[in-house]
Structure formats: structure tokens, C-alpha cells
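Input: a single structure, listed below in C-alpha cells.
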Amino acid sequence: MVRIRVLVVDDHRIFAESLAAALAAEPDVDVSAAGSAPAALRCLDRAAGEGRRFDVLLVDADLGGGAGTVPVQRESGSGPPPAGEGISLVAGVRTAHPGVRTVVLAERDDPRRAALALQAGASGWVAKDCSLSRLLTVVRGVLREETHLPPALLTGVLRELTAARKHRTDSERLVESLTPREHEVLRCMVAGLGRKEVAARLFLSPHTVRTHMQNVLGKLGVHSTLAAVALARRAGVRPAELAGDVVERSGQLA
């Protein structure tokens with residue numbers, strides 16, 4: 001019998017233990033539990049180091065979002081809300097352990113967050129109060145490369161994905177309007193560098209960097225570095241590397 005190794009990641013201990021116990025009663029399921037994203041990643045790394053691996057992660061959509069969490073303030077026009085620790089974990093697992101399938105467990109239907117989860121690499125979005133048989137169907141389905149969403153969410157998720165694709169296209173078009181030097185300055189901004197740091201890195205004067213930054217904001221149609229960075233991330237702009245990244249000087253730097 002082929003056994004399925006499942007890792008439940010939920011910081012609600014009673015729910016996690018109850019779900020793990022229910023899954024462990026299945027003859028073909030081995031299950032473990034983790035209470036946080038770092039703990040889950042450690043568990044995945046340890047299993048991989050021992051020549052084993054988990055097949056499916058069941059991740060709480062509200063992981064780390066307890067009552068004491070302070071909401072993140074966003075600037076108007078800076079893009080979608082933060083994905084949250086649960087969906088961020090999905091993205092991290094896709095990068096570090098691409099063979100592991102992830103399914104997000106949610107207390108409520110939310111087309112925007114479900115779309116974010118799919119974009120991050122999730123294979124499914126399931127209600128926490130669904131039946132065990134339904135959850136097992138999803139677990140076995142994602143191992144067959146299927147994607148599972150509640151039917152009621154399909155229209156909203158497709159709308160969100162379409163809007164995100166258009167938003168990304170618009171952002172890419174704006175970024176393409178930048179000169180090579182402005183693009184390099186934007187990469188430094190995405191990396192979190194301040195004006196003086198950018199100046200030292202690119203061998204420019206702070207005044208010249210200030211001019212480039214103003215030009216970047218103007219061409220992107222935003223009014224702050226925060227908004228520029230959010231737009232750049234949507235367009236897929238990679239941050240400048242902060243170590244081992246050699247800046248080549250040309251004859252005309254400014």
C-alpha cells in the first residue's frame with residue numbers, strides 16, 4: 001500500500017490535533033503537525049535530510065493571524081493586501097520543496113485570498129468544516145496534479161486572476177518605460193536601499209540619485225517609494241543583490 005505523508009500546519013492546537021488524529025485513522029495516511037511556518041519548514045527540511053519527504057501540506061489560511069496581530073497599513077494603490085503567513089508558507093514550500101503539494105484550509109470563502117494562494121503555488125482551497133471524506137478526496141486529487149476549489153469560489157477566483165494578470169501587464173508596461181539607469185535605481189529601491197546607499201552602490205551623487213528616483217516615481221505614476229516598490233514587485237522586478245553583486249561602471253553613469 002502506498003502511504004501518503006501529510007503535514008498539518010495550524011497554530012490552533014485543538015483543531016490541528018483533531019484533524020491529525022482523524023487523518024491518522026486512515027490506513028494509507030501518515031500525519032504530522034506543526035504549529036507555525038518556521039516549524040513546518042524545519043520539519044520538511046529534516047524529512048528531506050533523512051531521505052523522506054511529505055506529500056501534502058494542509059496549511060491554515062489564517063496561520064499566524066491571531067487576535068493580537070497588528071494589521072499592516074497599506075498605501076492607496078499599492079496593490080493587493082498582504083497574503084499572510086499561511087500563503088507565504090505556500091510560496092516558500094513551492095521554492096524549497098517543489099515536489100510537495102499544498103492545500104489551504106480556510107474558515108471562510110474568500111476569492112481574493114484563494115487566488116493569491118493559487119498564485120503562490122497551492123493546489124487547493126478547502127473549507128475547514130468540510131467532511132473528512134471531502135478532504136481526503138482533495139488530498140488524493142492534488143497528488144494526481146488536480147486543482148481543487150469549492151464551486152462557489154470559481155467565478156470569483158477567475159475574476160481575481162484575470163484582474164491580477166491585467167494589473168501585472170500594466171505594471172510591466174510602466175516599468176519598460178524606464179531607462180536602464182532608472183531601472184537599476186528601481187531595483188535598488190526594491191532591495192530596500194536608501195538614497196545614500198544607492199548613490200554609493202551606483203557611483204552616483206545623492207543629488208543624481210534623487211533625480212533618478214523622482215523620474216522613476218513620475219514614470220510609474222506613483223507618489224512614494226512604497227508604491228513604486230509595490231508596482232515593481234507586481235511587474236516581476238528583481239531586487240538588486242546586496243552581496244556579491246558587482247556593479248559595472250560605464251563611461252557615462254548618470
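So which residues in region 12-24 are out of contact with any helix residue (DSSP H, G or I) (no Cβ under 9 Å at 6 or more places or on another chain) and either under 17 Å from Val56 (Cα atoms) or surrounded by 19 or more Cβ atoms within 10 Å (Cβ to Cβ) (or both), if there are any at all? Hits for region 12-24 are Ala16, Glu17, Ala20, Ala21, Ala24. Among the residues making up region 224-254, those that are touching a helix residue (DSSP H, G or I) at 6+ places or on another chain (Cβ under 8 Å) and modelled with pLDDT under 50 are Val247, Leu253, Ala254. Restricting attention to region 123-140, the residues that are part of a loop (DSSP other than H, G, I, E, B), crowded, with 17+ Cβ neighbours inside 10 Å and without any contact (Cβ under 8 Å) to a residue 60 or more places away in the chain total 1.
Hey, any hits in region 35-54 for a residue that's in the same structural domain as Gly99 (by TED's automatic domain parsing), assigned to a helix (DSSP H, G or I) and of a type in the set (S, T, N, Q)?
Step one: filter region 35-54 for residues in the same structural domain as Gly99 (by TED's automatic domain parsing), giving 35-54.
Adding the requirement that they be assigned to a helix (DSSP H, G or I) leaves 37-49.
Retained after the next criterion (residues that are of a type in the set (S, T, N, Q)): none.
For region 35-54, residues in the same structural domain as Gly99 (by TED's automatic domain parsing), assigned to a helix (DSSP H, G or I) and of a type in the set (S, T, N, Q): absent.
Going by the conditions given, is Phe15 closer than 18 Å to Lys128 by Cβ and among the aromatic types (Phe, Trp, Tyr)?
Details: closer than 18 Å to Lys128 by Cβ: yes; among the aromatic types (Phe, Trp, Tyr): yes.
Considered against the rule, which asks whether it is closer than 18 Å to Lys128 by Cβ and among the aromatic types (Phe, Trp, Tyr), Phe15 comes out as yes.
Table: residues versus (1) at pLDDT 85 or above; (2) in a helix (DSSP H, G or I).
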{"site": "Gly64", "(1), (2)": "no, no"}
{"site": "Gly68", "(1), (2)": "no, no"}
{"site": "Pro71", "(1), (2)": "no, no"}
{"site": "Arg74", "(1), (2)": "no, no"}
{"site": "Gly79", "(1), (2)": "no, no"}
{"site": "Pro82", "(1), (2)": "no, no"}
{"site": "Val93", "(1), (2)": "yes, yes"}
{"site": "Gly99", "(1), (2)": "yes, no"}
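Asp109 meets each of the listed conditions (1) loosely packed, with under 15 Cβ neighbours inside 10 Å; (2) of a type outside the set (Phe, Trp, Tyr); (3) part of a loop (DSSP other than H, G, I, E, B) apart from (1). For Val185, the conditions (1) modelled with pLDDT under 90; (2) surrounded by 19 or more Cβ atoms within 10 Å (Cβ to Cβ); (3) within 30 Å of Ser224 (Cα to Cα) all hold with the exception of (1). Residues of region 173-186 that are part of a helix (DSSP H, G or I) and in contact with a helix residue (DSSP H, G or I) (Cβ under 8 Å, 6 or more places away or on another chain): Leu174, Val175, Arg181, Glu182, His183, Glu184, Val185, Leu186.
Tally the residues that are surrounded by 15 or more Cβ atoms within 10 Å (Cβ to Cβ) and either touching a helix residue (DSSP H, G or I) at 6+ places or on another chain (Cβ under 7 Å) or assigned to a helix (DSSP H, G or I) (or both), restricting the search to region 141-167.
Step one: list which residues in region 141-167 are surrounded by 15 or more Cβ atoms within 10 Å (Cβ to Cβ), which gives 141-142, 148-150, 153, 156-157, 160-161, 164, 167.
Now drop any that are not either touching a helix residue (DSSP H, G or I) at 6+ places or on another chain (Cβ under 7 Å) or assigned to a helix (DSSP H, G or I) (or both), which leaves 141-142, 148-149, 153, 156-157, 160-161, 164, 167.
So the count comes out to 11.
The values are calculated or read from the model by the stated rules, or taken from the named source; none is laboratory data. Since this is a predicted model, take the numbers as computed values, not measurements. When we count neighbours, we look across all protein chains shown, and the Cβ atoms used for this are built from the backbone with ideal geometry, even at glycine.
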